Amino acid sequence: MGGIPVTGLTVLYDARCPLCVHLRHWLSRQPQLVPLQLVPAASAEAMARFPGIDHRATLEEITVIGDRGQIYRGPAAWIVCLWALAGHRAKANWLATPAGAPFIRVAMLSAAKYRDVTAPPCGERCEVPG
């Protein structure tokens, strides 16, 4: 990861999505080189901590925020999550290359398809709580 050093990451995940919750638990059990804070997207905590971001978008696509304000979405968010884990940094570095890009794309498309099948329709689910 280039640019500003990352010493902590906040992962905003959809707490109403079974796949997202499963991945949240998986991430929390992994040895971390960079600490991950896992916060439900569009929750009161997320809105208080990150008032300037589009919270509706965080319900539609994984969003990771670095402790220095870096924002990662979609494939970059998955890669930075893996990069933060002790057992997956080398894989994250490879996925960030042109050779790895097709694999992260397939993984993202597969996850999106699975989410479409297992989670309720986005209509109400993606509304930001009042």
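Only the coordinates and a few stated rules stand behind these numbers; no lab work does. All values reported here derive from a predicted model rather than from experimental measurement. So basically every Cβ, Gly included, is an ideal-geometry build from the backbone, and we count neighbours across all protein chains shown.
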Residues of segment 62-90 satisfying the condition of being in contact with a Gly (Cβ under 8 Å, 6 or more places away or on another chain) and surrounded by fewer than 16 Cβ atoms within 10 Å (Cβ to Cβ): Asp67
Thr10 vs. criteria in a helix (DSSP H, G or I) and in contact (Cβ under 8 Å) with a residue 40 or more places away in the chain: no
Some residue of segment 39-62 being closer than 26 Å to Asp116 by Cβ, in contact (Cβ under 8 Å) with a residue 24 or more places away in the chain and assigned to a strand (DSSP E or B): yes
Residues that are closer than 24 Å to Phe103 by Cβ and among the acidic types (Asp, Glu), drawn from segment 55-77: Glu60, Glu61
